[in-house]
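What follows is a set of notes on a single structure, which appears directly below.
The values are calculated or read from the model by the stated rules, or taken from the named source; none is laboratory data. For clarity, every value in this text was computed on a predicted model and none was experimentally measured. Every residue, glycine among them, receives a Cβ derived from its backbone with ideal geometry; neighbour counts consider all protein chains shown. What goes into the accessible areas is simple: the full protein's heavy atoms, side chains included, and nothing from ligands, DNA or RNA. Shrake-Rupley method; radii C 1.70, N 1.55, O 1.52, S 1.80 Å.
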Amino acid sequence: MVDPPRESVILGFVVAWPTKKSRKRHAEDQLGHKGSNRDLIPREEAEEIMQLAPHSCDRCGKPLVPGADACSVTGKILRSQAVDIAEPNTVVTEYQRQCFRCSCGTQTWAKLPKAARSGFRPRLTAFLGHLTGLYRVTRRGCQDIAQTFFNIDITLGAVSKFHDMV
C-alpha cells in the first residue's frame, strides 16, 4: 500500500494531511488485555534482601535523611525481585574400594555400587537423558552442555547410553 502524499491540492488550495501516529502497543496496553507478571516469592524464601532508600527528593532534589529537615520514613515498601540461577556445582564422589586378604590367601575387593559403575551419578544421567529424549538436544549438544555449564568431560557414547537408559 502506498502512503498518500503529505500535501494535496484541492480546488486550488494546498491541504496538508496530518501525520499518522504509531499505533503499536504492548499486549498489556491493549484495552481488555490483562498484563502478565511473575508472582513474587515469599520474603522468607529469598536468599538475599537488599534494603534500598532514596538519596534525594524526586521533586525538589533535597537530600533525604530521616529525622533531619522534616524528613520521615513512611514505612511503605515496594517489592521487586530478580531471579538468577545458582552457579553450577558439580559433586564428585570418589569410591575407594578396599581389598581384604582372607585367611585362605584370596584377595577380595569391595564391590562398586551399581549407580557408580558408569562413572556418572543418577542426577547427571537423568538430566542428560532428559535433554536428548524430551527436548531433542543432540548428543553432541549434551556433551557441550556438560562441558560448558558443569565442566564435565563426557563422551558421545556415554550420552547415548544415558539416552537409552532414560
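Output the residues belonging to the stretch 100-119 that are modelled with pLDDT of 85 or more, open to solvent by less than 60 Å² (accessible area, probe 1.4 Å) and closer than 25 Å to Asp164 by Cα.
Result: Leu112, Pro113.
Starting from the stretch 47-69, keep only residues that are more than 30 Å from Ala86 (Cβ to Cβ), then list their pairs with residues that are hydroxyl-bearing (Ser, Thr, Tyr) and open to solvent by 80 Å² or more (accessible area, probe 1.4 Å) whose Cβ atoms are within a distance under 8 Å, requiring at least 6 positions of separation or different chains.
Every condition considered, the pairs that remain are Pro66/Ser72.
Got at least one residue in the stretch 64-71 being loosely packed, with under 10 Cβ neighbours inside 10 Å, touching a Pro at 6+ places or on another chain (Cβ under 9 Å) and under 30 Å from Pro54 (Cβ atoms)?
yes
What residue, of Leu40, Leu52, Leu31, is open to solvent by 100 Å² or more (accessible area, probe 1.4 Å), modelled with pLDDT of 85 or more and assigned to a loop (DSSP other than H, G, I, E, B)? Talk me through it step by step, then tell me what you get.
Values: Leu40 fails: open to solvent by 100 Å² or more (accessible area, probe 1.4 Å); Leu31 fails: modelled with pLDDT of 85 or more.
Sole residue among the options that is open to solvent by 100 Å² or more (accessible area, probe 1.4 Å), modelled with pLDDT of 85 or more and assigned to a loop (DSSP other than H, G, I, E, B): Leu52.
When the stretch 48-105 is examined, which residues are found to be farther than 30 Å from Thr125 by Cβ, under 38 Å from the mean Cα position of the chain (by Cα) and of a type in the set (Asp, Glu)?
Glu48, Asp58
For the stretch 75-115, enumerate the residues that are under 30 Å from Phe149 (Cβ atoms) and of a type in the set (Lys, Arg). Explain how you work it out, then say what you get.
Start the filter on the stretch 75-115 by keeping residues that are under 30 Å from Phe149 (Cβ atoms), which leaves 80-96, 112-115.
Hit for the stretch 75-115 is Lys114, nothing else.
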